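Take this structure first; my questions come after.
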Amino acid sequence: MPHTKNRNSVSQQTESSASSLLERRLKTLGIHSPLFYDEPIALVSAKGVWATDVTGRTYLDAYNNVPHVGHCNPVVIEAIQAQASRLNIHTRYLNSQVIDYSEELLATFGDGLEKVSFTNSGSEANDLAFRIANQRTGNTGIIVSDFSYHGNTSLLADVTTALPTRNGVSSNVRAIRIPDLDTADNDVSPAELFEIAIRELDAAIESLNSEGFGVSAFLFDPLFSTEGLCRLPDGYLHAVQQRIHAAGGLLISDEVQSGFGRTGDAMWGYELYELAPDLVTMGKPMGNGHPIGGVVTSADLLDEFGAANLYFNTFAGNPVSAAAGRAVLQVMKDEDLMANAQTTGNVLKEGLEKLAARFDFAGAVKGQGLFFGVELLPDQKSGLSAPAVTKKLVENMKDNRILISKVGRHETVLKIRPPLVFNKSHAEQLLEGLEAALHSI
Ligand SMILES: Cc1ncc(COP(=O)(O)O)c(C=O)c1O
């Protein structure tokens with residue numbers, strides 16, 4: 001056996017301290033690999049909504065949406081294990097798992113969204129959606145929100161507006177401001193906000209046309225999660241859809257964060273607005289941590305793309321991934337998790353609104369289902385800026401063993417987005433912890 005430098009075999013992972021892991025991580029993954037918290041947490045295990053760190057401390061997970069049906073869900077584990085011990089192979093052979101999963105997944109969509117192409121991530125799904133849109137429209141112009149993130153491939157780096165990228169958005173991309181009733185100036189009415197936003201969209205379309213790109217697609221997250229959960233003026237997304245279609249472009253609904261029942265009211269975020277997207281992309285919660293994503297679209301669009309492009313993806317839609325995806329849908333149904341998102345979400349919303357009313361530096365409570373944001377303002381007493389208040393709250397919550405995070409243009413919105421198995425007693429614990437953290441500012 002050749003000598004290996006590995007200290008631990010894969011199955012005998014020793015539990016190093018957070019500080020030694022951090023040191024080794026910086027040496028191996030580099031200093032720019034992002035981490036949460038001033039003092040990062042080293043997690044070793046998790047179950048349901050609870051995550052345990054290397055010191056044995058247990059945290060209530062009110063942040064992570066990837067373990068959608070709960071960390072280490074036994075049904076998902078069993079499905080993965082059973083399929084992995086039977087067969088795992090790429091997708092150029094027939095296998096019932098992926099067909100069963102496709103049928104079950106597609107049954108959650110309405111008319112016109114009838115075919116799926118699997119990918120390994122949300123990024124790959126959005127990348128493929130762009131290619132399909134460009135093929136259909138013959139255009140290359142893309143419109144996105146001016147504070148958004150949709151993935152990490154080269155095509156998606158070109159449309160990234162919320163994170164730094166070396167070149168910024170490329171010349172075929174127009175970034176528009178998404179209207180938010182909560183953050184709009186007080187002297188701007190909802191109707192005016194709507195008009196301003198639509199004028200900006202019209203200008204973006206006009207500019208793409210005049211520069212010869214034309215409009216290929218509007219790519220959007222229906223909850224505008226990265227933007228900080230915008231509260232849209234009525235009819236905004238309908239008007240966007242109408243204008244994008246009139247310009248010859250397609251609508252891509254990125255359901256990586258909003259999909260799989262996250263909002264409680266709908267399986268897919270676009271349904272909240274009664275939109276008819278041409279393409280729907282998904283990822284994160286789809287395999288409960290197993291990497292799987294996908295694009296759902298019409299037969300027409302997929303066939304047209306496939307006739308001109310042989311799209312092959314070695315791992316995407318393999319039998320083990322499909323088994324994981326099926327198990328997620330099964331648990332969602334068996335445990336009625338969309339209804340849970342609604343009822344627990346209502347408890348959380350009410351509690352968050354009551355808390356926000358008691359603290360001067362707490363503003364609008366945004367969101368629904370099991371996805372909430374709380375807008376924070378500067379605190380006059382301590383003199384802390386809004387971003388500083390937000391950061392301090394997130395750190396204090398961690399010290400009180402509750403995981404949440406922050407989003408928004410200036411990182412001034414608390415992000416609360418737990419696994420969908422988060423129940424009323426978890427919600428109450430979160431609210432108690434948040435109350436203590438708010439008092440500590
Ligand atoms: C809305 C949205 N779309 C796409 C992505 C990219 O997904 P992935 O990291 O699986 O490539 C993300 C990731 O954060 C996301 O939030």
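For Ser298, state whether it is touching a Pro at 6+ places or on another chain (Cβ under 6 Å) and at pLDDT 95 or above.
no
Which pairs have Cβ atoms under 9 Å, sit 6 or more apart or on different chains, and link a residue in the range 131-158 that is aromatic (Phe, Trp, Tyr) to one that is away from the ligand (no atom under 12 Å from the Cβ) and open to solvent by less than 30 Å² (accessible area, probe 1.4 Å)?
Phe147/Ile178; Phe147/Gly228; Phe147/Gly408
A follow-up question, please. Being under 18 Å from Gly293 (Cα atoms), of a type in the set (S, T, N, Q) and away from the ligand (no atom under 16 Å from the Cβ) is true for just one of Thr119, Thr108. Which residue is that?
Thr108
A follow-up question, please. Just one of Leu251, Leu302, Leu272 is within 16 Å of the ligand (Cβ to nearest atom), open to solvent by 20 Å² or more (accessible area, probe 1.4 Å) and not in a loop (DSSP other than H, G, I, E, B); which is it?
Working: Leu251 fails: open to solvent by 20 Å² or more (accessible area, probe 1.4 Å); Leu302 fails: within 16 Å of the ligand (Cβ to nearest atom).
The unique qualifying residue is Leu272.
Let me ask something else about it. Before we move on, is Leu193 in contact (Cβ under 8 Å) with a residue 60 or more places away in the chain and either among the hydrophobic types (A, V, I, L, M, F, W, C) or closer than 22 Å to Asn139 by Cβ (or both)?
Numbers: in contact (Cβ under 8 Å) with a residue 60 or more places away in the chain: no; either among the hydrophobic types (A, V, I, L, M, F, W, C) or closer than 22 Å to Asn139 by Cβ (or both): yes.
In short, no.
Filter the range 72-87 down to the residues that are farther than 13 Å from Ala327 by Cα and either aromatic (Phe, Trp, Tyr) or out of contact with any Pro (no Cβ under 6 Å at 6 or more places or on another chain) (or both), then identify the one that is most open to solvent (accessible area, probe 1.4 Å).
So, considering only residues that are farther than 13 Å from Ala327 by Cα and either aromatic (Phe, Trp, Tyr) or out of contact with any Pro (no Cβ under 6 Å at 6 or more places or on another chain) (or both), the one most open to solvent (accessible area, probe 1.4 Å) is Arg86.
Scan (1) small (Gly, Ala, Ser); (2) within 30 Å of Lys333 (Cα to Cα); (3) outside any loop (DSSP other than H, G, I, E, B) for the single condition Ala239 breaks and write down its number.
Result: Ala239 fails condition (2) only.
For the range 275-286, state whether one or more residues are within 20 Å of Asp336 (Cα to Cα), at pLDDT 95 or above and open to solvent by less than 10 Å² (accessible area, probe 1.4 Å).
There is at least one residue in the range 275-286 that is within 20 Å of Asp336 (Cα to Cα), at pLDDT 95 or above and open to solvent by less than 10 Å² (accessible area, probe 1.4 Å).
Kindly indicate whether any position in the range 215-225 is away from the ligand (no atom under 13 Å from the Cβ), touching a residue at least 40 places away in the same chain (Cβ under 8 Å) and surrounded by fewer than 24 Cβ atoms within 10 Å (Cβ to Cβ).
No, the range 215-225 contains no residue that is away from the ligand (no atom under 13 Å from the Cβ), touching a residue at least 40 places away in the same chain (Cβ under 8 Å) and surrounded by fewer than 24 Cβ atoms within 10 Å (Cβ to Cβ).
Output the qualifying pairs, or none if there are none: Cβ atoms under 6 angstrom, residues six or more apart or on different chains, first residue in the range 72-97 and assigned by TED's automatic domain parsing to the domain that holds Ser321, second residue part of a loop (DSSP other than H, G, I, E, B) and open to solvent by less than 50 Å² (accessible area, probe 1.4 Å).
Matching pairs, first to second residue: Asn88/Asn318; Thr91/Gly317.
Tell me the helices (runs of 4 or more DSSP H) entirely within the range 117-222 that contain at least 3 residues that are among the charged types (D, E, K, R), assigned by TED's automatic domain parsing to the domain that holds Thr91 and touching a strand residue (DSSP E or B) at 6+ places or on another chain (Cβ under 9 Å). Lay out the reasoning, then the answer.
Working: elements: 122-137, 154-157, 190-210.
Because the criterion is at least 3 residues that are among the charged types (D, E, K, R), assigned by TED's automatic domain parsing to the domain that holds Thr91 and touching a strand residue (DSSP E or B) at 6+ places or on another chain (Cβ under 9 Å), the helices (runs of 4 or more DSSP H) in the range 117-222 that meet it are 122-137.
Still on this model: Give the range 76-119 a look and list any residue that's modelled with pLDDT under 95 and among the acidic types (Asp, Glu), or say none.
Result: Asp111, single match.
Taking Phe109, is it aromatic (Phe, Trp, Tyr) and crowded, with 21+ Cβ neighbours inside 10 Å?
For Phe109, the condition - aromatic (Phe, Trp, Tyr) and crowded, with 21+ Cβ neighbours inside 10 Å - is not met.
Another one. Would you mind telling me which numbered condition in (1) away from the ligand (no atom under 14 Å from the Cβ); (2) more than 9 Å from Ala217 (Cβ to Cβ); (3) not basic (Lys, Arg) Ala133 fails?
Going through (1) away from the ligand (no atom under 14 Å from the Cβ); (2) more than 9 Å from Ala217 (Cβ to Cβ); (3) not basic (Lys, Arg) one by one, Ala133 breaks only (2).
The conditions are (1) more than 14 Å from the ligand (Cβ to nearest atom); (2) under 18 Å from the mean Cα position of the chain (by Cα); (3) of a type in the set (Gly, Ala, Ser), and Gly283 fails exactly one of them. Which is it?
(1)
The values are calculated or read from the model by the stated rules, or taken from the named source; none is laboratory data. None of these values were measured; they are calculated from a predicted model. As a convention, Cβ positions derive from the backbone with ideal geometry for all residues, glycine included, and neighbour counts pool all protein chains shown. Protein only, heavy atoms only, side chains kept; ligands, DNA and RNA dropped before computing areas. Shrake-Rupley method; radii C 1.70, N 1.55, O 1.52, S 1.80 Å.
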